[in-house]
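The values are calculated or read from the model by the stated rules, or taken from the named source; none is laboratory data. All values reported here derive from a predicted model rather than from experimental measurement. Here the Cβ positions follow ideal geometry from the backbone for every residue, glycine too, while neighbour counts run over all protein chains shown.
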Amino acid sequence: MSHRLLVVGGGITGLTAGYRLTVDNPELDVTVLEASPRAGGYLQTGLLDDPVLDDLPIDAGADAFLVRVPWARDLCHELGLADELVSPSARQASLWLDGTLRPLPTPNVLGVPLDPATVADGLLEPEDLRLVAGDGVPAMALDPDADASVGSVVRACLGDQVFERLVDPLLGGVNAGRADDLSCEVMAPQLLGAARSPDGMLASLRRAVSGTDPTSPVFHSPQDGMERLVDALVSMLGDRFQTGVPVTGLSRGDGPEARWLVSTPTGTRTADSVILAVPAHVAADLVSPIDADAGTLLAGWQHASVALATIAYDRADLEVDPTQSGFLVGRREGLLMTACSFAGSKWAHLDHPERAILRVSCGRIDDTRPSEFSDKTLIESLRADLATTLGVEAPPTAVRLGRFPDSLVQFPVDHSNRIDQLDALLADSAPGVLVAGSVRTGVGIPACIQSGTEAARQASELAAGLAN
Ligand SMILES: Cc1cc2nc3c(=O)[nH]c(=O)nc-3n(C[C@H](O)[C@H](O)[C@H](O)COP(=O)(O)OP(=O)(O)OC[C@H]3O[C@@H](n4cnc5c(N)ncnc54)[C@H](O)[C@@H]3O)c2cc1C
């Protein structure tokens, strides 16, 4: 009997795991089960209800992946999507702080400015600019081995203002968190490494940046949206991918083989290995009956809920700066929105002659208003914020609201030790059950693809071990 593997969850992590197993180990019996009627999880592309835009696919969730790490780019190339990849045309972003928009300094690394001359007037006080002109040697020595929060690392090297006015809006925006609480090892490893350098954070970052080509692309996306990647994986999986099959329970069978029993509303499936490619809070429910400690660990990762509205305006009512990709919003600005991306400036194919298309985000770990607001109130509030920031009062031509409850993992200091603990518990109590996804090393698409790939590798090694 061939080794049977079940992947639970058909987001980018689970699809990657299923694809990898199928391609690299065709002898294995692989099935990917997805609860919802569609594949892709947070990767969703669709049309706006606007007759002028009705043939333009626009992402409702993630719209780009980082290319300075290889995993997403390599997978796209392997799937034959290389010719479809595009990169942002506008790369300069701004910051809404003190009730005004100012460009982010360039170059910057995760918000840390490297050249005080490029810091816009009013963004930092003279004493902070003096710190930015220096080498960024931390005020106290950092533990060379221990993780620390992004806040404590940046504050130690560059003071409170650089952190609160630049780094927190940028990094806190990426995963809707509070950078004072987030692991520097996970969220900003380059800042942690630079801060540990004997000559200081800024000196080290300047050296690293001087070795990179500033014109090389930072992000890519398939031109027709992220669902192109999802569709390519689904078509490779064929009938190994099944939608509308929520996994409701996991238990260990009896007998010499002691296979895993995976419960679904349509019956119980058996498997030798199970990859849980679902959010950590879902994995917690499935794992708890087998290993209460592992379940408690998984349930301990907090998740932020966010919403993203795609809003189109007639260009007669709103013109955005074509050189700007959008702006971030500081947490003390009293606005609901956390970021606004100018889709038409960012992506040449979305630069429509008649419409300005915005992607407006809201929700943070410590701002749960979007989850509490009705759709109507949420959209009205975001429109009010756009009136404040961009001065647009006219009604939009189309609005699409995407809600992403409990979607963005918050990585606490010492996160990687918790992951090691989880793996050790499961290896002992649930051999063959693997947890994959954004909870492991980051919420970005490349990190999820890496995690799916790694889970597939581990599962195939287990299969080889059982076969011998
Ligand atoms: C609004 C938003 C914007 C983002 N933008 C970017 C970006 O631009 N670039 C970037 O790199 N990253 C971005 N991210 C992060 C990235 O999209 C996610 O971290 C990534 O897509 C997560 O993929 P995943 O497969 O691990 O999880 P998910 O996408 O959550 O997939 C998990 C799947 O499991 C299914 N499932 C859940 N429970 C069960 C069950 N019991 N049985 C079976 N199936 C189940 C779900 O339906 C879902 O399809 C963004 C995230 C959000 C929310």
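Just give me the residues in region 66-101 being in contact with a Lys or Arg (Cβ under 8 Å, 6 or more places away or on another chain) and within 13 Å of the ligand (Cβ to nearest atom), in sequence order.
Of all residues in region 66-101, those in contact with a Lys or Arg (Cβ under 8 Å, 6 or more places away or on another chain) come to 67, 81, 84-85, 88-90, 94-95, 97.
Answer for region 66-101, where residues must be in contact with a Lys or Arg (Cβ under 8 Å, 6 or more places away or on another chain) and within 13 Å of the ligand (Cβ to nearest atom): Val67, Pro88.
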Qualifying residue in region 117-129 (condition: part of a loop (DSSP other than H, G, I, E, B), of a type in the set (A, V, I, L, M, F, W, C), within 19 Å of Leu171 (Cα to Cα) and within 13 Å of the ligand (Cβ to nearest atom)): no
In region 17-52, residue farthest from Phe241 (Cα to Cα) [restricted to those that are touching a helix residue (DSSP H, G or I) at 6+ places or on another chain (Cβ under 6 Å) and within 8 Å of the ligand (Cβ to nearest atom)]: Leu43
All positions within region 381-403 that are touching a helix residue (DSSP H, G or I) at 6+ places or on another chain (Cβ under 8 Å) and aliphatic (A, V, I, L, M): Val392, Ala398, Val399, Leu401
Region 333-350, residues that are under 13 Å from Pro169 (Cα atoms), within 14 Å of the ligand (Cβ to nearest atom) and not small (Gly, Ala, Ser): Met337, Thr338, Cys340
Pro353 modelled with pLDDT under 95, outside the structural domain of Gly10 (by TED's automatic domain parsing) and away from the ligand (no atom under 12 Å from the Cβ): no
Near pairs, Cβ below 6 angstrom, 6+ apart or cross-chain, from region 269-289 (within 17 Å of Arg20 (Cβ to Cβ) and not assigned by TED's automatic domain parsing to the domain that holds Pro405) to any residue that is within 11 Å of the ligand (Cβ to nearest atom) and in a helix (DSSP H, G or I): Ile275/Ala17; Ile275/Ala455; Leu276/Ala283; Ala277/Thr13; Ala277/Gly14; Ala277/Ala17
Criterion (at pLDDT 95 or above and outside any strand (DSSP E or B)) met by exactly one of Leu142, Leu192, Leu170: Leu192
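For (1) more than 22 Å from Phe411 (Cβ to Cβ); (2) more than 14 Å from the ligand (Cβ to nearest atom); (3) crowded, with 23+ Cβ neighbours inside 10 Å, each residue gets a yes or a no:
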site	(1), (2), (3)
Asp239	yes, yes, no
Thr243	yes, no, no
Leu250	yes, no, yes
Asp254	yes, yes, no
Ala283	no, no, yes
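Being in contact (Cβ under 8 Å) with a residue 24 or more places away in the chain, within 20 Å of the chain's Cα centre (by Cα) and on the phi < 0 side of the Ramachandran plot narrows it down to one residue among Gly9, Gly40, Gly61; which is it? I'd like the intermediate steps shown before the answer.
Details: Gly9 fails: on the phi < 0 side of the Ramachandran plot; Gly40 fails: on the phi < 0 side of the Ramachandran plot.
Exactly one residue qualifies, and that residue is Gly61.
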Residue within region 26-45 that is part of a helix (DSSP H, G or I), of a type in the set (D, E, K, R) and buried (at least 20 other Cβ atoms within 10 Å of the Cβ) present: no
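Okay, residues lined up against (1) farther than 29 Å from Met337 by Cβ; (2) touching a residue at least 12 places away in the same chain (Cβ under 8 Å); (3) among the acidic types (Asp, Glu):
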{"site": "Ala90", "(1), (2), (3)": "no, yes, no"}
{"site": "Asp98", "(1), (2), (3)": "no, yes, yes"}
{"site": "Thr106", "(1), (2), (3)": "no, yes, no"}
{"site": "Val119", "(1), (2), (3)": "no, yes, no"}
{"site": "Leu131", "(1), (2), (3)": "yes, yes, no"}
{"site": "Pro138", "(1), (2), (3)": "yes, yes, no"}
{"site": "Ser149", "(1), (2), (3)": "no, yes, no"}
{"site": "Arg155", "(1), (2), (3)": "no, no, no"}
Condition met for Leu75 (surrounded by 20 or more Cβ atoms within 10 Å (Cβ to Cβ), modelled with pLDDT of 95 or more and not charged (D, E, K, R)): yes
Set Asp55, Asp63: member being assigned to a loop (DSSP other than H, G, I, E, B) and more than 15 Å from the ligand (Cβ to nearest atom): Asp55
Members of region 21-60 found to be farther than 24 Å from Gln223 by Cα and among the charged types (D, E, K, R), listed by number: Asp24, Glu27, Asp29, Glu34
Criterion (hydrophobic (A, V, I, L, M, F, W, C), assigned to a loop (DSSP other than H, G, I, E, B) and not assigned by TED's automatic domain parsing to the domain that holds Leu297) met by exactly one of Leu328, Leu318: Leu318
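Go through region 370-468 and tell me which helices (runs of 4 or more DSSP H), entirely inside it, have 3 or more residues that are away from the ligand (no atom under 16 Å from the Cβ). Walk me through it before giving the result.
Numbers: elements: 375-390, 415-429, 438-441, 445-467.
In region 370-468, the matching helices (runs of 4 or more DSSP H) lie at 375-390, 415-429, 445-467.
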